[in-house]
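Nothing in this text is a laboratory measurement; each read-out follows from the coordinates by a stated rule. A quick note: this is a predicted structure, and the numbers were derived from the prediction, not measured. As a convention, Cβ positions derive from the backbone with ideal geometry for all residues, glycine included, and neighbour counts pool all protein chains shown.
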Amino acid sequence: ATPTALMVGTGRAAQMGVLIKGPEVLESTRRVDTVVLDKTGTLTTGVMTLVDVVAGPGESLDDVRSRAAAVEAGSEHPIAAAVVAGVREAGVEAGLTASAADGVTGIVGIGARGTVDGLAVTVGRLSAFAHVPDALAATASAAEAAGRTAVAVGWDDVARGVLVVSDTVRPTAARAVADLKKMGLRPLLVTGDNDGAARAVASAVGIDEVVAGVMPSGKVDVVRRLQDEGRVVAMVGDGVNDGPALASADLGLAMGAGSDVAVAASDLTLVRDDPTAVVDAVRLSRRTLATIR
Ligand code: ADP
Ligand code: MG
């Protein structure tokens with residue numbers, strides 16, 4: 001490969017909104033045969049809406065809402081933004097005063113935690129709580145079966161309420177997946193989110209292989225397993241939780257508006273924040289390298 005041809009390819013990619021870390025990346029892009037796509041923020045917009053809040057037995061809906069929002073105000077997760085905005089809207093209607101949380105820390109792939117009203121409050125996966133009342137577990141299951149994401153808020157290791165959020169599939173995601181398949185690439189969806197939400201998005205975009213409910217390390221395991229099968233794997237993601245998998249993949253592609261961690265762990269950055277940019281990158285690398293061979 002001549003340096004000039006690689007530079008031209010790199011420049012063309014940049015014009016298409018695909019930033020390449022180094023010219024050698026074009027070669028790994030060309031060799032990719034499997035594309036693992038993150039769900040939230042990659043196949044979906046990650047701009048979520050709070051659609052329901054349910055208090056557990058004996059809990060006050062106001063406490064559930066305001067404590068959840070107080071912790072989420074200190075988190076950068078897409079779910080957090082939906083909770084904060086949704087509760088604010090409901091709070092204005094109800095004339096509620098917002099609580100504030102101290103010392104909020106994120107637990108990647110699980111949730112966030114902070115101190116509110118003197119209580120250590122956690123918002124996140126239901127599995128983050130030692131005890132989840134049956135009524136809340138049922139609310140969450142029903143929401144997940146409907147393709148939504150349910151998280152719990154609680155303190156003293158007990159889930160006290162469930163918050164349901166919904167996401168929107170990116171309008172170009174189905175076309176991107178169809179094009180990847182046409183080019184002979186095998187698409188998979190991986191997510192830390194629940195199986196119901198994962199399958200709803202997978203079927204909307206045309207992906208059959210789904211791995212849901214995994215931690216960031218589980219995304220790495222998926223990439224490694226495919227590599228062990230002899231696959232050349234691209235990982236596309238946007239979040240802090242995708243960093244390890246982006247770094248393990250043969251090719252890491254970060255959505256441009258994603259986290260700095262994702263961008264730093266990747267070989268390519270998709271400035272357009274659009275999954276069809278993955279298609280463009282593979283096509284361009286194939287063309288560039290075909291002409292220099
Ligand atoms: P994805 O792989 O879909 O991008 P993540 O790994 O970021 O998802 O998160 C996995 C799950 O962890 C979420 O579906 C949610 O249940 C929980 N979670 C993570 N961070 C938060 C947060 N700040 N608030 C509520 N739930 C969270
Ligand atoms: Mg994501």
- Task: Go through region 182-293 and tell me which strands (runs of 3 or more DSSP E), entirely inside it, have 2 or more residues that are within 16 Å of ligand 1 (Cβ to nearest atom) and either surrounded by fewer than 19 Cβ atoms within 10 Å (Cβ to Cβ) or of a type outside the set (Lys, Arg) (or both).
- Result: 186-190, 209-211, 233-237, 251-255
- In region 174-196, which residues are more than 12 Å from the chain's Cα centre (by Cα) and β-branched (Val, Ile, Thr)? Val177
- Take region 148-171 and flag every residue that is under 16 Å from the mean Cα position of the chain (by Cα) and in a strand (DSSP E or B). Thr149, Ala150, Val151, Val165, Ser166, Val169
- Within region 21-30, tally of residues that are more than 15 Å from Val236 (Cβ to Cβ) and surrounded by 15 or more Cβ atoms within 10 Å (Cβ to Cβ): 3
- Item | Residues of region 31-46 that turn out to be more than 8 Å from ligand 1 (Cβ to nearest atom) and under 19 Å from Asp221 (Cα atoms), as a count | 6
- Scan region 34-42 and give yes if some residue there is surrounded by fewer than 16 Cβ atoms within 10 Å (Cβ to Cβ) and touching a residue at least 12 places away in the same chain (Cβ under 8 Å), otherwise no. no
- Take region 11-35 and flag every residue that is in contact with a helix residue (DSSP H, G or I) (Cβ under 7 Å, 6 or more places away or on another chain) and either of a type in the set (A, V, I, L, M) or assigned to a loop (DSSP other than H, G, I, E, B) (or both). Ala13, Met16, Gly17, Val18, Ile20, Pro23, Leu26, Val32, Val35
